[in-house]
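The values are calculated or read from the model by the stated rules, or taken from the named source; none is laboratory data. In this text the structure is predicted, and so the values were computed from the model without any measurement. Note that we place each Cβ from the backbone using ideal geometry, even for glycine, and neighbour counts take in every protein chain shown. Heads up: the accessible areas ignore ligands, DNA and RNA and are worked out on the full protein's heavy atoms, side chains in. Shrake-Rupley method; radii C 1.70, N 1.55, O 1.52, S 1.80 Å.
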Amino acid sequence: MATTQQPPTDAGTELLSFFVNGRSVEVSAPGARRLSRILRDDLGLTGTKVGCDAGDCGACTVLLNGDPVCSCLVAAGQVEGCEVTTVEGLARRAPLYDRLQKSFLAHGAAQCGACTPGMLVAATSLLEKKFVPGRA
């Protein structure tokens, strides 16, 4: 089922079509608007947290075509036709995500929880690419 947001009357917006967590979405927004804001404000995916809003903290990490990116640094226009996976979409990546989430809880990795979604997204991406990673 596609999610469509009605175009605003403001000039300078464009209709952006992409996939979020496996479903097709269309959003009318300025192409320069940050992906983090589109996800949270327009699509209601508040699992993507915004910490520094400068790409330093990683709290807003999502997967863009399978690669981790700071969504606060991605212009909405850059995701046209792409696949975005947020922390809400990781549940579809069981059993890896299930084990990772339980491990985060067991070892106290959640702390205050603000950056946990970004860490889970980044860790899922790493383990999908290299199941037994070494130290860098």
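Quick notes on this one:
- Solvent-accessible area per residue, Å², over region 29-128 with all protein chains present [probe radius 1.4 Å]: 47
- Projected-area mean, the chain, by convex hull of Cα positions, square nanometres: 8.8
- Spin-label proximity, Leu73 to region 36-67 - amide N less than 17 Å from point 7 Å beyond Cα toward beta carbon: 36-37, 49-67
- Net lengthening on full extension, Glu14/Lys129 (0.36 nm per residue, minus Cα-Cα): 38.0 nm
- In degrees, nearest ten, helix 96-106 long axis to first principal axis of the chain (Cα): 60
- Inter-site label distance for Ala106 and Glu83 at 7 Å from Cα along Cβ, in nm: 2.9
- Solvent-accessible area, 1.4 Å probe, carbon plus sulfur percent, for region 19-136: 54
- Rounded to 10°, Cα long-axis angle of helix 116-129 versus longest principal axis of the chain: 70
- Shape category assigned to region 23-89 from the gyration tensor of Cα positions, a/c cut at 1.5: rounded
- Candidate aspartates and glutamates - alpha carbon under 19 Å from Lys129, same-chain residues fewer than 8 apart omitted: Asp67, Glu83, Asp98
- Average Cα contact separation per residue, the chain, under 8 Å, 6 or more apart, as relative contact order %: 24
- Trypsin sites (Lys or Arg not before Pro), loop per DSSP, at most 16 other Cβ atoms within 10 Å - longest free stretch of the chain: 1-129
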